[in-house]
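Heads up, the thing below is written out as structure tokens.
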Amino acid sequence: VVFKELPHEYFIREGDDIIYDLYISYPEAVLGTDVEIPTLNGRAKLKIEPGTQPGKFLKMRDKGIQHLNSHGSGDQLVRINIYVPKRVNSKEKELLRELNNMPNIKVPEK
């Protein structure tokens, strides 16, 4: 018997762990937020701390694939991504330009 694993709509499997890509806005990354995300067993709440950086992984213990022939499950790893809109209106552009001139927003020089 041969089993073939099909790709999942939300998750990438790595062993017994699963990875979920979460997209949040720049303000949500800076200020923090609470989100609800899919898991293998429904939805779960996840707290995003203020100052969360893109690429960071948050671990949700025991939300992954059940271990074969043993107790427990893998983890769900949530990879933080920042959503960047492709289009913004004139008001949004104006606010973004104003925000970009604020001292704590500029990228520090090396």
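The values are calculated or read from the model by the stated rules, or taken from the named source; none is laboratory data. None of the values given here were measured: they were computed from a predicted structure. Cβ atoms come from the backbone with ideal geometry, glycine included; neighbour counts cover every protein chain shown.
Things worth noting here:
- Residues of region 9-60 that are of a type in the set (G, A, S) and in a strand (DSSP E or B): G42, A44.
- Scanning region 56-110 for residues that are of a type in the set (S, T, Y) and either in contact (Cβ under 8 Å) with a residue 12 or more places away in the chain or in contact with a strand residue (DSSP E or B) (Cβ under 9 Å, 6 or more places away or on another chain) (or both) turns up S73, Y83.
- Screening L68 with (1) modelled with pLDDT under 95; (2) part of a strand (DSSP E or B) gives one miss only, at (2).
- Only residues that are among the basic types (K, R) and within 11 Å of the chain's Cα centre (by Cα) were counted across region 48-70, and they come to 2.
- Total residues in region 67-110, condition surrounded by 13 or more Cβ atoms within 10 Å (Cβ to Cβ), among the polar types (S, T, N, Q) and closer than 18 Å to R13 by Cβ: 2
- Per the listing Q66, Q76, Q53, the residue uniquely under 19 Å from S25 (Cβ atoms) and of a type in the set (S, T, N, Q) is Q53.
- Taking region 1-25 as the range and being charged (D, E, K, R) and under 18 Å from P38 (Cα atoms) as the test, the residues that pass are E9, R13, E14, D16, D17, D21.
- Taken residue by residue, region 10-20 has no member that is within 19 Å of I105 (Cα to Cα) and in contact (Cβ under 8 Å) with a residue 24 or more places away in the chain.
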